[in-house]
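Take a look at the structure below.
The values are calculated or read from the model by the stated rules, or taken from the named source; none is laboratory data. What you see is a predicted model; the values in this text were computed from it and never measured. Every residue, glycine as well, gets a Cβ built from its backbone with ideal geometry; the counts of neighbours run over all protein chains shown.
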Amino acid sequence: MAAEKTKILLDESEQPTQWYNLLADLPTPPPPVLHPGTLQPIGPDDLAPLFPMELIGQEVSTERYLDIPGAVLDVYRLWRPSPLFRAHRLERALDTPARIYYKYEGVSPAGSHKPNTAVPQAYYNKKAGIRRLTTETGAGQWGTALAFACAQFGLDCEIWQVRASYDQKPYRKIMIETFGGVIHPSPSNLTEAGRKILAEHPDSTGSLGIAISEAVEVAAQHADTNYALGSVLNHVLLHQTVIGEEALLQLAKVGETPDVIVGCTGGGSNFGGLAFPFLREKLAGRMVPVIRAVEPAACPSLTRGVYAYDFGDTAGMTPLMKMHTLGHDFIPDPIHAGGLRYHGMSPLISHLVESKMIEATAKPQRECFAAGVQFARTEGIVPAPEPTHAIAAAVEEALRCKESGEAKVILTALCGHGHLDLAAYDAYLSGSITDHSLADEDIAAAIAALPPVPA
Ligand SMILES: *Cc1c(COP(=O)(O)O)cnc(C)c1O
């Protein structure tokens, strides 16, 4: 049986050459992005100070397929097509009749899925005559990916990293500098937004929202500088669909179709990238997978937030997006899955949850680390703390199959390795990780600060 294979590969010649745009196939479009001053839908000109026109065009495009430029395909070939694995050893350890597949994105230069969008973003900015990109980074995955992509196209890259992570994870900083990026801890005294926070809180450990404010401010002030975002926006999820398109081809090679797809969600990009091509197939009636987003219980935007217009950053400089949010000044507990500590969710993913096309669930971090350790001992890959959420959900589903005797096909994205997150495993293995329970009052307080937008 072909399905017994462990590692399912595609040739370079089988590499997908188009991104898939889910907006073309949705029965209803997501609500528009609004200008925070006028509360009217924004137009391309509102985004032009930050993004090149080709990315703005992709953000609002309703074309079903968009060609991947040749120069981007060339860089993708350094690690794409990425392998799809059948988790035989994990299945045996769980004694489940389920068949578990994982698409491994840790083979990229940054060790995660993030270069799938960093590379085209750097390419389109270079083509538009931009000299420098700014961005924020939390745990450092996105900063590493953008620094790598900028090096490929001869752009400068300036990164504001959340202070707490900057101090805790020195290896990400070194990797970013090795790729040629310049990195500052955030809040910094280089921006108005940073100076304002430091004046009030000199010891601030920062947040993603603050770091976004700093990077956006610098990009808005310099004509030769643009800003790049690593998740949340439509064009980012679009670029990530190479994950799902490859996985579809790989599963077809072994004659499988998924019954359940699970993925971890911070801003929604690796999950959307895996799931959207399968959702296309589902909408066309060719398969019927259940599709489930998995978020941390400490930052549960999809499962406990509200669906409302909110800012993407703390200072309130970005346009307003309708999304599941915990409020733009919500500061999540310092869980180890730094990439999942964002107050909001991609508007596209939020819209799918709201229209019941996908499901969402939340998991506490100890259950996730337990699954991550079991995965490492069976499959031989130490997962980043973020995808341990997806692995925990896959394990839960596989154990349900053991009860029911169903041989379901479970698919997930192993969106990054945890080689630079070993301190988190140290904390788990030494028993010092706790599950923070999030009080309803804390969520209510953060949600009370949402900007007033008439229905
Ligand atoms: C950034 C990151 C995430 C969270 O971002 P998404 O946009 O939700 O994918 C998850 N896992 C890893 C490894 C990351 O680097």
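Here are some notes:
- Matching entry among Gly143, Gly180, Gly194 (being more than 16 Å from the ligand (Cβ to nearest atom), in a helix (DSSP H, G or I) and surrounded by 14 or more Cβ atoms within 10 Å (Cβ to Cβ)): Gly194
- Residue match in region 151-171 (condition: at pLDDT below 95 and within 21 Å of Gly316 (Cβ to Cβ)): yes
- Check on Thr135, assigned to a helix (DSSP H, G or I), buried (at least 24 other Cβ atoms within 10 Å of the Cβ) and within 16 Å of the ligand (Cβ to nearest atom): no
- Evaluation of Thr412 against (1) within 17 Å of Ala93 (Cβ to Cβ); (2) within 22 Å of the chain's Cα centre (by Cα); (3) part of a helix (DSSP H, G or I) (one fails), failing number: (3)
- Residues in region 380-400 that are of a type in the set (Asp, Glu) and more than 16 Å from the ligand (Cβ to nearest atom): Glu396, Glu397.
- Scanning region 197-244 for residues that are part of a loop (DSSP other than H, G, I, E, B), away from the ligand (no atom under 16 Å from the Cβ) and buried (at least 24 other Cβ atoms within 10 Å of the Cβ) yields a count of 1.
- Which listed residue is of a type outside the set (Val, Ile, Thr), touching a helix residue (DSSP H, G or I) at 6+ places or on another chain (Cβ under 7 Å), buried (at least 23 other Cβ atoms within 10 Å of the Cβ) and modelled with pLDDT of 95 or more, from His336, His389: His389
- Condition check for Glu295: surrounded by 24 or more Cβ atoms within 10 Å (Cβ to Cβ), touching a strand residue (DSSP E or B) at 6+ places or on another chain (Cβ under 7 Å) and touching a residue at least 12 places away in the same chain (Cβ under 8 Å): yes
- Filtered residues of region 424-455 (kept if at pLDDT 95 or above and surrounded by 18 or more Cβ atoms within 10 Å (Cβ to Cβ)): Tyr425, Tyr428
- Of all the residues in region 393-409, those that are assigned to a helix (DSSP H, G or I) and touching a strand residue (DSSP E or B) at 6+ places or on another chain (Cβ under 7 Å) number 4.
- Candidate set from region 266-303 (those that are within 16 Å of the ligand (Cβ to nearest atom) and β-branched (Val, Ile, Thr)); member that is nearest to Phe330 (Cα to Cα): Thr303
- With respect to the stated conditions, Ala71 is under 30 Å from Ala219 (Cα atoms), of a type in the set (A, V, I, L, M, F, W, C) and away from the ligand (no atom under 14 Å from the Cβ).
- Check on Asp421, modelled with pLDDT under 95, within 26 Å of Lys322 (Cβ to Cβ) and not hydrophobic (A, V, I, L, M, F, W, C): no
- Contact map, region 209-231: residues that are among the aromatic types (Phe, Trp, Tyr) paired with residues that are within 15 Å of the ligand (Cβ to nearest atom) and modelled with pLDDT of 95 or more, Cβ distance under 7 Å, separation 6+ or inter-chain. Pairs shown: Tyr227/Thr135.
- For region 92-111, a tally of residues being more than 16 Å from the ligand (Cβ to nearest atom) and surrounded by 19 or more Cβ atoms within 10 Å (Cβ to Cβ) returns 6.
- Single condition Leu283 does not satisfy, out of (1) touching a residue at least 60 places away in the same chain (Cβ under 8 Å); (2) within 23 Å of Pro36 (Cα to Cα): (2)
- Checking Arg366, Arg341 one by one, the residue that is within 27 Å of Ala439 (Cβ to Cβ), buried (at least 24 other Cβ atoms within 10 Å of the Cβ) and basic (Lys, Arg) is Arg341 and no other.
- Among residues that are closer than 24 Å to Asn270 by Cβ, touching a residue at least 12 places away in the same chain (Cβ under 8 Å), within 23 Å of the chain's Cα centre (by Cα) and in a helix (DSSP H, G or I), Tyr166 is included.
- Whichever residue in region 418-455 is without any contact (Cβ under 8 Å) to a residue 40 or more places away in the chain and either part of a loop (DSSP other than H, G, I, E, B) or touching a Pro at 6+ places or on another chain (Cβ under 6 Å) (or both) and, among such residues, is nearest to Asp167 (Cα to Cα): Ser432
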